[in-house]
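The block underneath contains the structure these notes are about, expressed in structure tokens.
Quick note: the coordinates plus some simple rules give every number you see, no bench work behind them. Just so you know, these numbers come straight off a predicted model, no measurement behind them. Cβ: placed from backbone, ideal geometry, glycine included. Neighbour counts: every protein chain shown.
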Amino acid sequence: MEKSFRLHLSALALLLLLPLGLLAQHRSDGLDDVLQHIPMATVFALKAADYWADDAGWDHLDSRSTWLELTATAVASYVVAAGVSYSLKQMVGERRPDHSDHRSFPSGHATFAFAGATMLWHEWGHLSPWVTVGGYGLATLVSIDRVVRDRHYLHDVVAGAAIGFAATELTYYVRKHIIKNDNVALTFTGNTLDLAVRF
């Protein structure tokens, strides 16, 4: 029953994370709308592969987190990154190089791409350095594309990358040092989802 629940949770997480890029297609920014979420989607795809490898009796890939920890960390990382990024966009009001609007600083695409790449590094970087290189490489390509297509200035994507990295690092720090596993209880009663945190 628990494995079935974990599989359903992974499928739900992938279904929620992958289409996020498609929601922004009204601006028709291009493939980078989807690519910005690929590092985070890869985190969940590798976790699902780890689950299936375990189910088939193969060697574990050994994620550093449980499904619940992974999902909570991903959501918290994206929420913190989005909150900082979009708050700054509203406060700074920098005009884009293509003059389409005043939400250039910082780059949200770079923010999400680097948040996902940093989580990929935390969860799966121990498997091979190429996992980390792939995640940060894709995040860098998304950022470069934003500059090349005149959607952002260089300092916009650098700031976005720093925000994404810092948001994920902060999330892991809070999870490790402030919210310890034995101090957190999550229960679902059928009607409500309750989170209890003991400090």
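Before anything else, pin down the relative contact order of the range 88-189: Cα pairs under 8 Å, at least 6 apart, normalised by residue count, whole percent.
Taking the mean separation of contacting Cα pairs over the length of the range 88-189, I get 33 percent.
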Karplus-derived 3J(HN,Hα), 6.51/-1.76/1.60, for each residue of the range 150-163, Hz, glycine and proline x
6, 8, 8, 8, 4, 5, 5, 6, 5, 5, x, 4, 5, 5
Hey, got the dipole for the range 33-142? About the Cα centre, +1 on K and R Cβ, -1 on D and E Cβ, debye to the nearest 20?
540
